[in-house]
Amino acid sequence: MKLLITGGAGFIGSHFIHYLLKSRPQAEVINLDLLTYAGNLENLKDLESEKRYRFVKGDILDTELVNSLISGCDGIINFAAESHVDRSISGPGTFVQTNVVGAQRLLENAKKNKMRLLQVSTDEVYGSLGEQGQFTESSPLEPNSPYSSSKAASDLMCRAYFHTYNADVVVTRCSNNYGPFQFPEKLIPLMIANARAEKSLPVYGDGLHVRDWIHVKDHCAAILLVFEKGRAGEVYNVGSNEEWPNIEIVKRILNELKRPESLISFVKDRPGHDRRYALNSSKIQKELGWRPEIPFEKGLKETIGWYLNNEAWVQNLLTGEYLKYYEEQYS
Ligand code: NAD
Ligand code: TYD
């Protein structure tokens, strides 16, 4: 099996490449990544001399480049995206370019070359839940942020390519991921970095927004299973029933680092902030036999440990562009 992985230098994509090469000894990977602020080749440093792995710097919007790379490939898995909700609020344009136009170009490439494409989508396409209920694959798509709207557009474009052209497309909609190598703009690594530096921890609104947290390794296993065995044209929810309010996670991080709760600072809420996400994943469980394996409390402890042991990885990112972003976002 030879795959084109797009966005493989980011958080989830780099985990997936490691997972694929380890669990499928015959697999080969071409990793196409534009290396935006979120792309980091440090995440793949151990693969530099791996013969089954090749990195190409480039844009998923570059149809000719993609076309040349996929000759001889068996499929495409698209991780490439602008992925941060807060950045989508201050600058939605690049989200439309990469997440919508880029994804459509990849679909066109996959269709022409008659190969499977897996689109890595998100539970955020469903919008927000109240205190009760879960999203199923047939829940309406009601995205609320420019990020989730752009992901919903590409998700629906997959549906259109299947129904209109009979293209071999599968979609996964996963909940919030956590684990090593996550860019420090996201909740968990940001709070770990700030707690460590004894800086204030900015919690949006009342801190009672709920996310269903899944370890990135469990997500990667689900993606490979859906790519190999999922039915064309189908969508699979991937969640782990680990619902935690933000404030509870922040307190656990402080507790683990032995820092005082007085570091918590409740700040202005994110506009259009979704209150709660929860996923019903019985379809992937029943059809493909997938199960999440890493309980959140254990995974969170290990993740905190990883960040503490890999301070240099974090420090390399806390420069230039990121500090400017942080200042604008939190000042
Ligand atoms: P990330 O921001 O860490 O990585 C995105 C990667 O895409 C980066 O390496 C970046 O350089 C690359 N990229 C961006 N624009 C590109 C372009 N035009 N061409 C080629 N490469 C480009 O994101 P992530 O958290 O790893 O998420 C990966 C995918 O999973 C995204 O599609 C995201 O929407 C989806 N997803 C993420 C989560 C989550 O909790 N992080 C949950 C569900 C779904
Ligand atoms: P985030 O990691 O940005 O993921 P998403 O918005 O895709 O769910 O945020 C997770 C939750 O944490 C979300 O409810 C927003 C909240 N949050 C804060 O309270 N403070 C912060 O500084 C950040 C980045 C997020």
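The table that follows gives values for the structure above.
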quantity: Nearby lysines by direct alpha-carbon distance to residue 22 (threshold 20 angstrom, same-chain neighbours under 8 apart not counted); calculated: 2, 45, 51, 217, 229
quantity: Distance between the range 111-137 and the range 282-313 - C-alpha centres, whole angstrom; calculated: 20
quantity: Calculated log₁₀ intensity ratio I(q)/I(0) where the Debye formula runs over C-alpha points of the range 200-239, q = 0.25 Å⁻¹; calculated: -0.87
quantity: Net lengthening on full extension, residue 49/residue 136 (0.36 nm per residue, minus Cα-Cα); calculated: 27.1 nm
quantity: For the range 176-326, diffusion coefficient by Stokes-Einstein and Kirkwood Rh (Cα), 25 °C, 0.890 mPa s, µm²/s; calculated: 146
quantity: Inter-label distance, nm, simple model (7 Å from Cα along the C-beta direction), residue 270/residue 206; calculated: 1.8
quantity: In Å, descending, principal axis extents of the Cα set of the range 18-157; calculated: 49, 31, 29
quantity: Whole-number accessible area per residue in Å² for the range 84-169, which is evaluated in the context of all protein chains at 1.4 Å; calculated: 44
quantity: Long-range amide H partners of residue 267 with built H, under 5 Å; calculated: 203, 204, 205
quantity: Compactness of the range 98-239 - radius of gyration and Dmax, Cα, Å; calculated: 16.9, 55
quantity: Percent RCO, i.e. relative contact order, over the chain, from Cα pairs under 8 Å lying at least 6 residues apart; calculated: 17
quantity: Cα gyration tensor of the range 1-65 - equivalent ellipsoid semi-axes, whole Å, descending; calculated: 18, 14, 10
quantity: Beta bridges per DSSP with both ends in the chain, % antiparallel, nearest 5; calculated: 10
quantity: Debye log10 I(q)/I(0) for the range 286-331, one point scatterer per Cα, at q = 0.17, 0.22, 0.26 Å⁻¹; calculated: -0.72, -0.83, -0.90
quantity: Simple spin-label estimate for residue 37 and residue 329 in nanometres, 7 Å along Cα-Cβ; calculated: 0.7
quantity: Accessible area (Å², per residue) of the range 4-47, counting only protein heavy atoms and a probe of 1.4 Å; calculated: 36
quantity: Spatial extent of the range 118-158: Rg and Dmax, with the Cα atoms as the point set, Å; calculated: 10.2, 31
quantity: Mean ellipticity per residue at 222 nm, deg cm²/dmol - from DSSP H runs of n ≥ 4 across the chain, formula -39500 (n - 2.57); calculated: -11500 deg cm²/dmol
quantity: Intensity falloff of the range 253-331 expressed as log10 I(q)/I(0), Debye formula with alpha-carbon point scatterers, at q = 0.10, 0.14, 0.15 Å⁻¹; calculated: -0.47, -0.89, -0.99
quantity: Where N is the number of residues in the chain, Cα Rg divided by 2.2 N^0.38 Å; calculated: 0.95
quantity: Gain on full stretching of the segment that runs from residue 197 to residue 282 - 0.36 nm per residue minus C-alpha separation; calculated: 26.5 nm
quantity: Per-residue SASA entry for residue 297, accessible area with 1.4 Å probe, Å² rounded to 10; calculated: 100
quantity: Heavy-atom accessible area per residue - the range 186-331, 1.4 Å, Å²; calculated: 47
quantity: Linear extension gain, residue 65 paired with residue 112, 0.36 nm per residue minus alpha-carbon span; calculated: 15.5 nm
quantity: Residues residue 24 and residue 90, FRET efficiency given R0 of 45 Å [Cβ-Cβ distance, rounded to 0.05]; calculated: 0.70
quantity: In Hz, Karplus ³J(HN,Hα) per residue of the range 89-103 (6.51, -1.76, 1.60; θ = phi - 60°; x = Gly, Pro); calculated: 6, 7, x, x, x, 5, 5, 5, 4, 6, 6, 9, 5, x, 5
quantity: Apportionment of accessible area to carbon and sulfur, the chain, percent (1.4 Å); calculated: 49
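The values are calculated or read from the model by the stated rules, or taken from the named source; none is laboratory data. Quick caveat: nothing in here was measured; it's all calculated off a predicted structure. Cβ: placed from backbone, ideal geometry, glycine included. Neighbour counts: every protein chain shown. For the accessible areas, the whole protein counts, side chains as well, though only heavy atoms, and no ligand, DNA or RNA atoms are used. Shrake-Rupley method; radii C 1.70, N 1.55, O 1.52, S 1.80 Å.
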